[in-house]
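Chemist: Right, I'll just put the structure down here and ask away after.
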Amino acid sequence: TWTILFVPLSVALFLGGIGFSYFLVMPQSLHFLMAFGGENFTPLLSMESYLEFVLLMILPFGVIFNMPLLMTALSLAGLVQGKTLKKGRKFIILGSFILAAVITPTPDILTQSLLALSAIGLYEISLHFIGLLEKAKNRRL
């Protein structure tokens, strides 16, 4: 029964991540890039470089937004446990910021922080949901 829900939920989470990136993160990133050179430089964007930038910006958010679904699937399969994931929280926080610094195409801290903080928030939501699933599973046993 869970597998029927995973595909539509995955698409919805992916589109949610893309929407979050496009409407909240992209304007800030573009503003940073356009103001980066100061008044002495005129930015010349080609359509190809703009599309590449947009894709490099929104795809990581779409993928990161699928993390709760992946973690829940791993938990349902018995491959991870909630308390193990809670113990690794500090490594996830550090890893999120490192990954965000590598993935985002802009050097500004705001874009990197938005990706890292959304990944950490989704991780916490996943932990809460996995905890609820484990409680329900323990009640049935």
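Chemist: When you look at Leu110, is it in contact with a Gly (Cβ under 8 Å, 6 or more places away or on another chain), part of a helix (DSSP H, G or I) and either under 30 Å from Phe23 (Cβ atoms) or not hydrophobic (A, V, I, L, M, F, W, C) (or both), yes or no?
Modeler: Here the answer is no, as Leu110 does not meet what is asked.
Chemist: Next question, about the same structure. Report, by residue number, each residue of segment 101-116 that is free of Cβ contacts under 8 Å to residues at least 24 places away in the same chain, more than 11 Å from Met57 (Cα to Cα) and crowded, with 19+ Cβ neighbours inside 10 Å.
Modeler: Scanning segment 101-116 gives a single hit, Ala116.
Chemist: Among the residues of segment 71-109, write down those that are farther than 30 Å from Leu30 by Cβ, out of contact with any helix residue (DSSP H, G or I) (no Cβ under 8 Å at 6 or more places or on another chain) and not aromatic (Phe, Trp, Tyr).
Modeler: Selection gives Leu74, Ala77, Gly78, Leu79, Lys83, Thr84, Lys87, Gly88, Lys90.
Chemist: Related question: Taking the conditions exactly as written (closer than 24 Å to Leu5 by Cβ, outside any helix (DSSP H, G or I), at pLDDT 85 or above and not basic (Lys, Arg)), does Gly19 satisfy them or not?
Modeler: Criteria not met by Gly19.
Chemist: Looking only at residues in segment 7-21 that are surrounded by fewer than 15 Cβ atoms within 10 Å (Cβ to Cβ) and not aliphatic (A, V, I, L, M), which one is nearest to Ala77 (Cα to Cα)?
Modeler: Step by step, filter segment 7-21, then rank; the result is Pro8.
Chemist: Then there is this: Just name the residue that is surrounded by the fewest Cβ atoms within 10 Å (Cβ to Cβ) out of those in segment 22-41 that are among the polar types (S, T, N, Q) and within 12 Å of Leu110 (Cα to Cα).
Modeler: Gln28
The values are calculated or read from the model by the stated rules, or taken from the named source; none is laboratory data. Treat the numbers as computed from the prediction; the structure is a model and nothing was measured. Neighbour counts are summed over all protein chains in view; Cβ atoms, including those assigned to glycine, are modelled from backbone coordinates with ideal geometry.
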